[in-house]
Amino acid sequence: MRYELLLQTMTPGMPYEAARVDGLLSQKRVTVRPDGNRLWHFQHGDVEVGVLREGGRVVATELRIPLAERSDLVREVVAEAAQLASKAGARLVDPQLGRSLVASDEGVVADQYMRTVRYAGGASGMSSETMGASSSYTPLTTEGPRGFQPGAKFFLIAIGAFFFLYLLVDSMLSGLGGR
């Protein structure tokens with residue numbers, strides 16, 4: 001699970017100049033993995049860099065931040081990516097907040113990031129270690145899993161089906177005068 005930021009054209013509908021952004025990224029601590037994806041290395045962790053395509057053309061550069069219990073990495077990414085966007089003539093967008101960002105928005109983004117971390121951890125039952133954090137994650141609720149296990153659901157459905165069949169046969173026999 002990740003939190004994503006986008007580098008997009010300043011004016012919606014205009015062509016995105018991915019080459020300009022890629023040129024500036026090449027001046028940063030970015031490495032290319034064997035699978036072709038890029039990693040941007042920061043002091044507090046690594047961010048995956050990808051492209052977003054629509055209709056076969058590149059419309060944005062994606063920054064995929066892994067979810068963790070601390071917001072240091074996301075704050076660092078917002079500050080650096082906002083500077084990069086400014087130099088590239090692009091804008092940094094947070095789709096979760098639905099708006100463009102500047103470097104001073106790191107606190108607002110960090111708050112949304114932490115809400116996303118809590119939601120993802122609670123919804124999936126993942127610990128923070130699973131999400132890439134170093135400290136333990138405390139879910140918002142301490143209740144156990146809700147609902148029935150798949151085997152119990154099947155058993156209840158089977159009982160319900162047999163009961164329905166019993167009622168159906170009983171009503172048919174009553175209608176034929178068998179009782």
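At least 2 residues that are open to solvent by 60 Å² or more (accessible area, probe 1.4 Å) in each: list the strands (runs of 3 or more DSSP E) lying fully within segment 4-71 that qualify. Working first, answer last.
Numbers: elements: 30-32, 38-42, 45-54, 57-66.
Once the strands (runs of 3 or more DSSP E) in segment 4-71 are filtered for at least 2 residues that are open to solvent by 60 Å² or more (accessible area, probe 1.4 Å), what remains is 30-32, 45-54.
In segment 83-111, what residues are under 21 Å from the mean Cα position of the chain (by Cα) and part of a helix (DSSP H, G or I)?
Within segment 83-111, ASP105, GLU106, GLY107, VAL108, VAL109, ALA110, ASP111 qualify.
I'm checking my understanding of the structure. Among residues of segment 89-106 that are free of Cβ contacts under 8 Å to residues at least 24 places away in the same chain and of a type outside the set (A, V, I, L, M, F, W, C), which one is farthest from LEU24 (Cα to Cα)? Walk me through it before giving the result.
We begin by selecting, within segment 89-106, every residue free of Cβ contacts under 8 Å to residues at least 24 places away in the same chain; these are 97-100, 102, 104.
Right, trim to of a type outside the set (A, V, I, L, M, F, W, C) and you get 98-100, 104.
Details: GLY98: 25, ARG99: 23, SER100: 20, SER104: 21 Å.
Among those that are free of Cβ contacts under 8 Å to residues at least 24 places away in the same chain and of a type outside the set (A, V, I, L, M, F, W, C), it is GLY98.
Under the condition of being within 13 Å of VAL74 (Cα to Cα) and polar (S, T, N, Q), which residue from segment 98-119 is most open to solvent (accessible area, probe 1.4 Å)?
Here the answer is SER104.
The values are calculated or read from the model by the stated rules, or taken from the named source; none is laboratory data. What you see is a predicted model, and the numbers here were worked out from it, not measured in a lab. Positions of Cβ are generated from backbone atoms using ideal geometry, with glycine treated the same way; all protein chains shown enter the neighbour counts. What goes into the accessible areas is simple: the full protein's heavy atoms, side chains included, and nothing from ligands, DNA or RNA. Shrake-Rupley method; radii C 1.70, N 1.55, O 1.52, S 1.80 Å.
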